[in-house]
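For reference, the structure is listed below as structure tokens.
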Amino acid sequence: QVQLVESGGGLVQAGGSLRLSCAASGRTFRSYAMGWFRQAPGKEREFVSAISGSGGTTYYADSVKGRFTISKDNAKNTVYLQMNSLKPEDTAAYYCAARVLMWSSPSDGANYWGQGTQVTVSS
């Protein structure tokens, strides 16, 4: 069982930055791929980014490529999402996810989900 707790959301102006964190419980954190998804009001949840268990492979949605960076600290059981050059369309609830196998498609699901943290980008 893996429990995920996100933090770091908030209100920021367009062009600003935020760093999301996701702390995971469990001694097998290193074996899980970790990902970030988001869901805006009235929209379906969408894939944002993922990182392999070792941290050696990353994967980004086209909409965030070049602006967001995912990283993983296995010693701290934490995954991060550094978000730069934020846009109003990035406004959403952001969810951390853990998966036994690395994501190969944005439509892949997850084995575990966090509760989410709200990110609001004002224009």
Between SER85 and THR58, take the C-beta separation as r, use R0 = 25 Å, and let me know the FRET efficiency to the nearest 0.05. 0.90
Determine the share of region 76-123's accessible area contributed by carbon and sulfur atoms, expressed in whole percent, with a 1.4 angstrom probe. 47 percent
Non-local residues with an amide H under 5 Å from the amide H of PHE68, with H modelled 1.01 Å from N and Pro and chain starts lacking one, are ASN84
For GLN39, what charge total do you get from the other residues with a beta carbon under 11 Å from its beta carbon, if Lys and Arg give +1 and Asp and Glu give -1? +1
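Provide the per residue accessible area, probe 1.4 Å, for region 1-118, rounded to a whole number of square angstrom.
51 Å²
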Loop sites in region 46-123: chymotrypsin sites (Phe, Trp or Tyr not before Pro), DSSP, at most 14 other Cβ within 10 Å: none
Those trypsin sites (Lys or Arg not before Pro) from region 8-115 that are DSSP loop and have at most 13 other Cβ neighbours within 10 Å turn out to be ARG27, LYS43, LYS65, LYS76
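The values are calculated or read from the model by the stated rules, or taken from the named source; none is laboratory data. Because the structure is predicted, anything quoted here is derived from the model rather than measured. For neighbour counting, all protein chains shown are included, and Cβ atoms are generated from backbone atoms with ideal geometry for every residue, glycine included. Ligands, DNA and RNA are excluded from the accessible area calculation, which covers all protein heavy atoms including side chains. Shrake-Rupley method; radii C 1.70, N 1.55, O 1.52, S 1.80 Å.
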